[in-house]
Amino acid sequence: MNATSTRRRVVVGVGGGIAAYKACGVIRHFTESGHDVRVIPTRAALNFVGQATFEALSGNPATPEVFDDVPDVPHVRVGQGADLVVIAPATADLMARAATGRADDLLTATLLTARCPVLFAPAMHTEMWEHPATRANVATLRAHGSIVMTPASGRLTGTDTGPGRLPEPDEIGLLGDLLLERPDALPRDLEGVRILITAGGTREPLDPVRYLGNRSSGKQGFALARAAVQRGASVTLIAGSVSGVSVPAGVEIAPVVTAAEMEQEVTRRAAVADVVIMAAAVADFRPVVRAESKIKKNGADPDPIVLTTNPDILHGLVTARAAGDLTDETVIVGFAAETGDADGGVLDHGRIKLVRKGCDLLVVNAVGDGRAFGTDDNTGWLLTATGTETALPMGSKTLMASRILDAVSEVRRDRR
Ligand code: PMT
């Protein structure tokens, strides 16, 4: 059982913006995980969604007022008892009031008394998000220890588009889960660091409708992107086939299909990356022949599929760095998906792979029997080129990502 599967006290604060209706998805995320959810809307939020909706979804009172239920002293008790506070949507006004320490409603009073992680999910028009006053408030909230998510880019109220859209409720929920598992998982230690991450599986076509592929969902790679962006990194995600994931706000995405396409994208972008993390399940082999039209069943036995070896992208990066095509400082992280066999256990094969690939860090996953591929949780080992081996405890893939990013930060610190 991980930390998110125990019942915790989660406060969902709702600001007065059109995205207030999406707070219902965030509330649902936490109630469905079994948590005790207390919704605190601002007065303005109730112009968009009624109090009854918040009370029905959470099963708790949802007043914006400090003077309701005075004997229970809610303006201090709710914040003091919370394990997590999530503000979605965080409007410009609400963040301004929080940054200056105002306590003129139940939500801002709660923010002053909470000593748990606080996650702001901003939503506002682009001009408001980019205004120096809002930038200063965001910086203040971060300096006070809150996590302020990067908003998504896209359609806003009306016809305008740009940065300022509320991140997807699932993304907000997954970051909240992470903070419940590990309150210090999102330091701003990767500010401005350019990170290239691969995720998902490659598909190697046999004909226009069939392919050789694997069970990777992309969840681990997307979790790395999710955590890295919140730690301040500028993230590009090269994604093969994925399922059950949404693109984290603030992440640039480059879709690919085959290993060859992935190699091309990685090679093109690695020269301007500070860190490359290869979480994708890249096909080692591809069919020699790709039929132009659908292979027909003609009564006879089918032709055998003849395979050829794909380029090893990870090893190629290490070679490129040695040749001076990447900077010496580029940190290269690989993954190893191992089942263990007669020649050795999962960790034995991981150790051999670390040496063969030559990367700085290698995350070893035990796979098969429903493990790692497609799951929400993960566990494994983190091996470093300098010989340390750390067990990564079972937890969400975002938790695993946060531990990997700690190690990346450490390698970068040691190189300076
Ligand atoms: O996507 P999920 O469903 O969340 O599952 C996550 C995961 C299990 C896919 C992930 O945690 C993982 O283990 N990824 C690596 C899977 C893999 O292909 O492992 P490998 O041992 O075959 O490859 C070792 C490393 O070399 C990997 O970093 C891989 O990206 C890289 N590689 C492999 C083959 C190839 N031709 N080029 C490569 O760069």
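Which one of these does residue 247 not meet: (1) more than 10 Å from the ligand (Cβ to nearest atom); (2) over 8 Å from the mean Cα position of the chain (by Cα); (3) at pLDDT 95 or above?
(3)
Out of all the residues in the range 64-76, is one or more in contact with a strand residue (DSSP E or B) (Cβ under 9 Å, 6 or more places away or on another chain) and either crowded, with 24+ Cβ neighbours inside 10 Å or free of Cβ contacts under 8 Å to residues at least 12 places away in the same chain (or both)?
no
For residues in the range 84-107 being part of a loop (DSSP other than H, G, I, E, B) and surrounded by fewer than 20 Cβ atoms within 10 Å (Cβ to Cβ), which is farthest from the chain's Cα centre (by Cα)? Steps first, answer last, please.
Step one: of the range 84-107, the residues part of a loop (DSSP other than H, G, I, E, B) are 91, 100-105.
Those still in the list that are surrounded by fewer than 20 Cβ atoms within 10 Å (Cβ to Cβ) too: 100-104.
On the way: 100: 29, 101: 30, 102: 31, 103: 32, 104: 34 Å.
Among those residues, the one meeting the criterion is 104.
So which strands (runs of 3 or more DSSP E) stay within the range 304-416 end to end and still have 2 or more residues that are closer than 23 Å to residue 241 by Cβ, in contact (Cβ under 8 Å) with a residue 24 or more places away in the chain and more than 10 Å from the ligand (Cβ to nearest atom)?
Numbers: elements: 307-309, 331-338, 361-366, 377-384, 389-396.
Strands (runs of 3 or more DSSP E) meeting the threshold: none at all.
Which condition number does residue 64 fail, the rest of (1) at pLDDT 95 or above; (2) touching a helix residue (DSSP H, G or I) at 6+ places or on another chain (Cβ under 9 Å); (3) outside any loop (DSSP other than H, G, I, E, B) being met?
Unmet for residue 64, out of (1) at pLDDT 95 or above; (2) touching a helix residue (DSSP H, G or I) at 6+ places or on another chain (Cβ under 9 Å); (3) outside any loop (DSSP other than H, G, I, E, B): (3).
Considering only the range 16-26, state which residues are touching a Ser or Thr at 6+ places or on another chain (Cβ under 6 Å) and either part of a helix (DSSP H, G or I) or at pLDDT below 95 (or both). If you could, list the steps in order and put the result at the bottom.
Filtering the range 16-26 for residues touching a Ser or Thr at 6+ places or on another chain (Cβ under 6 Å) gives 16-18.
Matches in the range 16-26: 18 only.
Return yes when residue 286 is surrounded by fewer than 24 Cβ atoms within 10 Å (Cβ to Cβ), touching a residue at least 60 places away in the same chain (Cβ under 8 Å), away from the ligand (no atom under 13 Å from the Cβ) and not in a loop (DSSP other than H, G, I, E, B) and no when it is not.
Numbers: surrounded by fewer than 24 Cβ atoms within 10 Å (Cβ to Cβ): yes; touching a residue at least 60 places away in the same chain (Cβ under 8 Å): yes; away from the ligand (no atom under 13 Å from the Cβ): no; not in a loop (DSSP other than H, G, I, E, B): yes.
Taking the combined requirement at face value, the residue does not satisfy it.
Quick check on my filter: what residues within the range 61-98 are aliphatic (A, V, I, L, M) and farther than 22 Å from residue 169 by Cα?
Of the residues in the range 61-98, the ones aliphatic (A, V, I, L, M) are 62, 66, 70, 73, 76, 78, 82, 84-88, 90, 92, 94-96, 98.
Hits for the range 61-98 are 66, 70, 73, 76, 78, 96.
Taking residue 266, is it free of Cβ contacts under 8 Å to residues at least 40 places away in the same chain and either closer than 25 Å to residue 372 by Cβ or near the ligand (Cβ under 8 Å from one of its atoms) (or both)? Break it down stepwise before answering.
Working: free of Cβ contacts under 8 Å to residues at least 40 places away in the same chain: no; either closer than 25 Å to residue 372 by Cβ or near the ligand (Cβ under 8 Å from one of its atoms) (or both): yes.
No.
Here's the yes/no breakdown for (1) in contact with a helix residue (DSSP H, G or I) (Cβ under 6 Å, 6 or more places away or on another chain); (2) surrounded by 24 or more Cβ atoms within 10 Å (Cβ to Cβ):
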residue	(1), (2)
197	yes, yes
203	no, no
207	no, no
211	no, no
230	no, yes
233	no, yes
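Cβ-Cβ under 9 Å, sequence separation 6+ or interchain: first residue in the range 46-59 and within 17 Å of residue 26 (Cβ to Cβ), partner surrounded by fewer than 18 Cβ atoms within 10 Å (Cβ to Cβ) and charged (D, E, K, R). Which pairs?
Listed by first residue and then by second, the contacts come to 57/28; 58/36; 59/36.
The values are calculated or read from the model by the stated rules, or taken from the named source; none is laboratory data. The structure presented is a predicted model; accordingly, all values stated were derived computationally and were not measured. Every residue, glycine among them, receives a Cβ derived from its backbone with ideal geometry; neighbour counts consider all protein chains shown.
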